[in-house]
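Engineer: Let me begin by handing over the structure; questions about it come next.
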Amino acid sequence: ITVTEGPGGIRVPALNQTFAIAQHGVYPAFRQTCVLIYHQVVQGGGTYDEPGDVTRAPWGGPPAAPPRWNQAVNDLLQTWAMQPPTAVIPLTTFDNYAAVQHAVLAPTAWTDVEQVKAGVASVWAAQVGEVRALLQPPTLTADTYFFLLHVLVGLLTGDTTTATLVEQLVSAVATSQEYPNDTFINQLIYLALMYLGDPLGPYGWNNAQLQTALTDISSVVANVGPAAPLILTSLAQHQKLLYAAASYPLVDPYNPGIGFTQRKTDTLAALDKARASLHAALPTGGEPPVRIVRQMPAASPPAR
């Protein structure tokens, strides 16, 4: 089965049907075509619009149900990635779709970037307000700290004041008995791993899932401003530990004699104390925070 472009949209000769691109946009139309091919070739017959066959996704892409089918279609598309088999989709046709998609979606092709920046300013302000609010409570839960990690990553692309706040927080001293004079971002990621990997917690993720989680976070860290290298370095260090020690963070190779629950409690306390110090140094208005003078430790904490 081949797929070609025509005046009316996407043409599937073997099915004797044409599907309009304009209905759902270029990329959804391509995905919808893949669904048609999958149904026709892999499942061996029928049509996409067969009554009672499937539940359409709202945008006309892979069907939302049954889940088994939806998963199979998405697995197929992910396997193809940007290089679908030419026997199914001619390369020139796919290149045309990719070019149109890039022209529409690529930020470099936008003509209203300044409007976009103005539009997201309120989002930055709201997120900065959220961070400032999270500095006030005497204690936070591990779940809230996990949320804070994501907010800090999102604020890396903010204005100068925002970037200063993020750098001030991620570089703040956060001391625990396991890791004296460590940084806030190191302790924050350490806690996030313990939160996600706690077998009795809401996630109970294994080593592979934890590695994937850090990879996913690293992939969205915008490498801009002074805080980004600190976050990326900490993520990379913890990824190395996860790779080298399959039981990490349930067992910490640098603190093998301290149990998981105790380390989690100590890390929470270290982060709470660091937040309190930063909150005390933070002006009540929108000014940048007062820089905290850090006392460097006599010996560096273990790398992690």
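Taken together, the values in this text are just the output of simple stated rules run on the coordinates, not laboratory data. All of these numbers come straight from a predicted model, not from anything done at the bench. FYI the Cβ positions are ideal-geometry reconstructions off the backbone, even for glycines, and counts take in every protein chain you see.
Engineer: How many nm separate the modelled label positions at N206 and A133, each set 7 Å beyond the Cα in the direction of the Cβ?
Structural biologist: About 3.9 nm separates the two model spin labels.
Engineer: Roughly speaking, what is the stretch gain from T215 to A245, that is 0.36 nm per residue apart minus the C-alpha to C-alpha distance, in nm to one decimal?
Structural biologist: My answer for the length gained is 9.1 nm.
Engineer: Follow-up. With only alpha-carbon atoms in the gyration tensor, what are the semi-axes of the equivalent ellipsoid for the stretch 112-238, in Å, largest first?
Structural biologist: Square roots of five times the eigenvalues give 25, 17, 15 Å.
Engineer: Thinking of the stretch 144-216 as a set of Cα atoms, what percent of all their pairs are more than 14 Å apart?
Structural biologist: Within the stretch 144-216, distances greater than 14 Å cover 66 percent of Cα pairs.
Engineer: Please give, to one decimal in nm, the separation of the simple spin-label points placed at A121 and N181, each 7 Å out from Cα toward the Cβ.
Structural biologist: 4.3
Engineer: Which cross-chain or sequence-distant (5 or more) residues have an amide H under 5 Å from the amide H of A174, H modelled 1.01 Å from N in plane?
Structural biologist: Amide H neighbours of A174, under 5 Å, 5+ apart: D182, T183, F184.
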